[in-house]
1. Starting from the amide H of LEU37, placed 1.01 Å from N in the peptide plane, find each other amide H under 5 Å away whose residue is 5 or more places distant or on another chain.
2. Mind grabbing the accessible area of ARG89 for me, 1.4 Å probe, Å², rounded to tens?
3. What ranking, highest mean first, results for peptides 129-135, 80-86, 26-32 when packing means the other Cβ atoms within 10 Å averaged over each residue?
4. Which sequence of VAL79, VAL42, VAL10, VAL108 reflects their accessible areas, 1.4 Å probe, from the largest down?
5. For ILE14, what residues show an amide H to amide H distance below 5 Å, using hydrogens built from the backbone and excluding near sequence neighbours?
6. Amide H of TRP29: which non-local residues (sequence gap of 5 or more, or other chain) have their own amide H closer than 5 Å, using H built in the peptide plane?
7. Across 10 Å bins from the origin, how do the percents of Cα pairs in the range 1-89 run, short distances first?
8. What accessible surface, in Å², does a 1.4 Å probe find on THR47, ignoring ligands, DNA and RNA and rounding to the nearest 10?
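The values are calculated or read from the model by the stated rules, or taken from the named source; none is laboratory data. Small disclaimer: the values here were computed from a predicted structure and weren't measured. Ideal geometry is used to build each Cβ from the backbone, glycine not excepted, and the neighbour counts take in all protein chains shown. Just the protein is used for accessible areas: all its heavy atoms, side chains included, with ligands, DNA and RNA removed. Shrake-Rupley method; radii C 1.70, N 1.55, O 1.52, S 1.80 Å.
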Amino acid sequence: MQGKMAKVTVDATIKFTYVEKYPDEPPLWEIHSQENLEDRDVEDILTLLQQQADENLGMVMIFTLVTAVQEKLNEIVDVMKNRREEEKRRKEKEAEEAEKVAFQGTVVTIENFLAWKAKFELEIAELRRKRQKEEEQAGKPKLTGKQLFERDHNLDTSDIQFLEDAGNNVEVDESLFQEIDDLDLDEDDPDFDPLDMGSDED
């Protein structure tokens, strides 16, 4: 006995044994072999045979039993077909959803936006904490000239101290200067203009 579905076959071979008081007593049966049937399906077939035998006591029943099993196999095939179709539709729907997400990107909702915002704020806080720690480890910040002056009042006398420390060691090149008497100044000339001293006149 077989039930067929696209490339799938369920099969059950049942062996019947007549008893002495048949048909007043049901025959003995066993599933000799089966293909593509789950344990649950096999139990359902055995239960069906017992129900049909009880209902047909006193009558020839082998044909009735075989027909009932054949119909049961067809039902099993229908169930398997429905399962396959549902699985196919589910996979197609998942593929469509995945394609839609890939095309449109993630849809922004209040929930996922708030989740992203919270994560972003945590990351910013962590970056600030690390930066502050690095600055603290690097030492005190560099002071400006004014801040240094306000911190060390000795700086206002540092130039004077430098001159005092130099003492007589400061050398002056006198050749760079000219005696005032050696300068030819025409102070008595009423037309004398000091600004013209550097100009060339014939």
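1. ASP11
2. 130 Å²
3. The peptides rank, most packed first, as 26-32, 80-86, 129-135.
4. Correct descending sequence by accessible area is VAL108, VAL79, VAL42, VAL10.
5. Those lying under 5 Å, H to H, from ILE14 are HIS32.
6. Excluding prolines and chain starts, which carry no amide H, the hits are THR17.
7. 16, 46, 25, 10, 3, 0
8. Number for this one is 80 Å².
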